[in-house]
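See structure below.
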Amino acid sequence: MTAETITSGIADRFQAEVSAYYRQNFIAGLVHGVFFQASAAFVDTNTVLPAFVAMLTPSKMAVGLIAAITGFVGILPELFTAYLVEDQARKKAYLLGVITVRWISWGVLAWLTYRYALTQPALVLGIFFTMLLLFSFAGGVGSVVYADIFARAIPAERRGRFVGTRNLLGYTLAIAAGMVVRAILQDDIRFPFPTNYAALFGLSSALLAIAFTGFAMIREPVYPVRRRTVSLKGLWHRSVALVRESANLRALLVANALLATGLALAPFFVIYAQQELHVPAGLVGVFLSAQMIGAALSNLFWGWIGDRYGNRLVIVAVNALGGTVPVIALLTPASAAWLYTSVFLLLGVIMSGMRVGYGNIILEMASHEVLPTCVALRDTLLAPVALFPLVAGALIQHRPYVWVFGAGAVLMGISFVAALRLQEPRHTPQSMCR
């Protein structure tokens, strides 16, 4: 029996499993994804968490540290995870462990916030960032594993449909979560601080536990792959070679980095609204709902564009929209603060498009053998960008918002130009990473 025959047999069995498990995996994936998104809404890093930290400390650096931790620390374990799971046909157990760590983290934080935030805010601030570190590190492990399982469980031609449906249902729950956030934060009698934020963290923990149940139902199609690297050093050298050999991967990294740098300002939009436009606390929930509405209304459109025309077009459109957000924030007058809701509406549209475009294009750009490495490599090389919120916090502490927001708009404008250099891997197979 020839090597080609063996390889063909493996591929046939794999496709048979994908087809046999598709309906169950579609539904199980929806349960996981929908409740994961709803859970994330109650601890949103652009609205809820910055407002919570602002209650504990006036430091803008502390607000910037939220995005820096969730971005940078989440990236740290990805290359090691890619090396760890590279030759493993089944990876589901890793992600189940990750989800367990994450829902327990928010549950513990909910209790500690309720118990100590009023009397020992510095202690709770330290515990909050410790838990955020643990949560983000676990998420970094999970992102590589999830991308690999998702790529095998959902066929390429149906991923846009799956992501669109998942996001539509998830954002619908997230919009409702925004209304719950508004009701809790504006009701000082029934939910005084810190009971209000403890309740939000507890709700997030409960929804993550439901997401765990959904992922546990997934049947993982098996695609045996051989280990290509014998050490982490070898993995790094191979990763560098992938970047050097693929102009399309380099273009993707540059466009993603520039857009992400500009969007690192997102946690400061709610602080700007509170301090410069003097919006009431309850509007944080309205901003959250607006962000989720923008994501919900746009995600099916982004999924349809990605399926029909390719994810390059999604990326180009998203990068073009990015520069408008800080401009609208600066132009909104305090006398019409309700117009500021459009900032978060657009943020939702952009972040939804990023998930669809950047998330799916890497799945088509990389073969099965190098997919975990490419996902980890993309995030690892973007790690310095994740620290930009700290820089933004330091700048905002000493410079006017208009300077920092203006610089963000310029960066995102440049990201649009960079996105135009991308090639659609669906139409140009030579642009793929192998």
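The values are calculated or read from the model by the stated rules, or taken from the named source; none is laboratory data. Remember, predicted model here, so these are calculated numbers, not experimental data. All Cβ positions, even for glycine, are placed from backbone atoms using ideal geometry, and neighbour counts span all protein chains on display.
Summary table
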item	result
Residue list for segment 168-200, filter: closer than 26 Å to MET351 by Cα and among the β-branched types (Val, Ile, Thr)	THR172, ILE175, VAL180, VAL181, ILE184
So VAL375, is it at negative phi, modelled with pLDDT of 75 or more and either in a helix (DSSP H, G or I) or more than 23 Å from the chain's Cα centre (by Cα) (or both)	no
Selection count where residues are among the β-branched types (Val, Ile, Thr) and in contact with a Ser or Thr (Cβ under 9 Å, 6 or more places away or on another chain), scope segment 326-340	2
Test: ALA41 is at pLDDT 85 or above, assigned to a helix (DSSP H, G or I) and aliphatic (A, V, I, L, M)	yes
Condition check for ILE127: out of contact with any Phe, Trp or Tyr (no Cβ under 7 Å at 6 or more places or on another chain) and under 30 Å from GLY359 (Cβ atoms)	no
Scope segment 381-415; condition among the polar types (S, T, N, Q) and surrounded by fewer than 19 Cβ atoms within 10 Å (Cβ to Cβ); matching residues	GLN397
Meets criteria (hydrophobic (A, V, I, L, M, F, W, C), at pLDDT below 85, touching a Phe, Trp or Tyr at 6+ places or on another chain (Cβ under 7 Å) and farther than 30 Å from PHE191 by Cα) for ALA264	yes
Of the criteria (1) among the aliphatic types (A, V, I, L, M); (2) in a helix (DSSP H, G or I); (3) at pLDDT 80 or above, which one ALA147 fails	(3)
Residue match in segment 153-161 (condition: assigned to a helix (DSSP H, G or I), surrounded by 19 or more Cβ atoms within 10 Å (Cβ to Cβ) and at pLDDT 80 or above)	no
Test: residue in segment 49-72 that is in contact (Cβ under 8 Å) with a residue 24 or more places away in the chain, of a type in the set (Gly, Ala, Ser), over 15 Å from PHE268 (Cα atoms) and assigned to a helix (DSSP H, G or I)	yes
Residue count for segment 325-347, restricted to those that are touching a residue at least 40 places away in the same chain (Cβ under 8 Å), of a type in the set (S, T, N, Q) and in a helix (DSSP H, G or I)	2
Single residue of segment 104-144 satisfying the filter (among the hydroxyl-bearing types (Ser, Thr, Tyr) and assigned to a helix (DSSP H, G or I)) that is surrounded by the fewest Cβ atoms within 10 Å (Cβ to Cβ)	THR130
Near pairs, Cβ below 7 angstrom, 6+ apart or cross-chain, from segment 92-113 (in contact (Cβ under 8 Å) with a residue 24 or more places away in the chain) to any residue that is surrounded by fewer than 15 Cβ atoms within 10 Å (Cβ to Cβ)	LEU96/ALA216
Which numbered condition ASN196 fails, given (1) free of Cβ contacts under 8 Å to residues at least 24 places away in the same chain; (2) under 20 Å from the mean Cα position of the chain (by Cα)	(2)
